[in-house]
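Undergrad: I'd like to ask you about the structure that follows.
The values are calculated or read from the model by the stated rules, or taken from the named source; none is laboratory data. Model, not experiment: these values are computed from the prediction. Cβ atoms come from the backbone with ideal geometry, glycine included; neighbour counts cover every protein chain shown. These area figures cover heavy atoms from the full protein model, side chains too; ligands, DNA and RNA do not enter into them. Shrake-Rupley method; radii C 1.70, N 1.55, O 1.52, S 1.80 Å.
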Amino acid sequence: MVPHFSVMVVLGCGLVFAGGDFHFQLGRVLAPVPRTELDGAAIDAYVTSRDEFLVTTGDKGVSALPVTAGAKASVTSSNGEVASVAAHGDLVAVPEMGVPHTLPGSVHLDQFRAGDARFPSLVKTYPTCAHPDMITFTPDGSKILVACEGEIDAETRADPEGAIGVIDLS
């Protein structure tokens, strides 16, 4: 019990003193990191080769946020809502909801290429089911799995089926 209590006290102190322009990260040592303002803040993926987090930024975008202190985020936008993003090597998959969200959406497969200073280049767009929400690559990167919620529309009462989409990249 005592070791766990010590960790809780250290983390608690870190949270108490994390005011101002700095926030604390837990690593080998608690260290202040600069704060970055974004419209949303769900960190969905990490691109190892670029040392960047991919963050969903609210309704219609994804930010590539460099881990380097003080670096600016690059943002890509879409026509429909973006709920998540996944990365595997230099590939990035972004599900985009249909407009309205009861219509089938799509998955954009992007790839970081040599010389890309900002967000990756579009490789292909795949149609998918209604309200694509969560997305991930299989461990070998050969497939993309998409969870489609198929949520009901409160106004029109349209109620598409929920589904799991499998996109074969081989």
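Undergrad: Residue by residue through region 95-115, note down the ones that are open to solvent by less than 70 Å² (accessible area, probe 1.4 Å) and part of a strand (DSSP E or B).
TA: Pro95, Glu96, Gly105, Ser106, Val107, His108, Leu109, Asp110, Gln111 - these are the residues of region 95-115 that are open to solvent by less than 70 Å² (accessible area, probe 1.4 Å) and part of a strand (DSSP E or B).
Undergrad: If you don't mind, there's one more thing I want to ask. Among the residues of region 116-138, count how many are in a loop (DSSP other than H, G, I, E, B) and either at pLDDT below 95 or more than 18 Å from Tyr46 (Cβ to Cβ) (or both).
TA: Count: 6.
Undergrad: I'd like the full set of residues that are under 15 Å from Ala86 (Cα atoms) and either without any contact (Cβ under 8 Å) to a residue 24 or more places away in the chain or open to solvent by 40 Å² or more (accessible area, probe 1.4 Å) (or both), limited to region 127-167.
TA: Asp133, Met134, Thr136, Thr138, Pro139, Asp140, Lys143, Leu145, Ala147, Val166
Undergrad: Could you go through region 83-94 and let me know if any residue there is under 17 Å from Val62 (Cβ atoms), touching a residue at least 12 places away in the same chain (Cβ under 8 Å), assigned to a loop (DSSP other than H, G, I, E, B) and among the β-branched types (Val, Ile, Thr).
TA: yes
Undergrad: If you go through region 34-60 one residue at a time, how many are at pLDDT below 75 and not in a loop (DSSP other than H, G, I, E, B)?
TA: Selection size over region 34-60: 1.
Undergrad: Within region 66-90, can you find the residues that are open to solvent by 30 Å² or more (accessible area, probe 1.4 Å), under 16 Å from Thr138 (Cα atoms) and at pLDDT below 90?
TA: If the condition is that a residue be open to solvent by 30 Å² or more (accessible area, probe 1.4 Å), under 16 Å from Thr138 (Cα atoms) and at pLDDT below 90, then Gly89, Asp90 are the ones that fit.
Undergrad: Anything in region 101-115 that is closer than 30 Å to Glu161 by Cβ and at pLDDT 85 or above? List them, or say none.
TA: Thr102, Leu103, Pro104, Gly105, Ser106, Val107, His108, Leu109, Asp110, listed by residue number.
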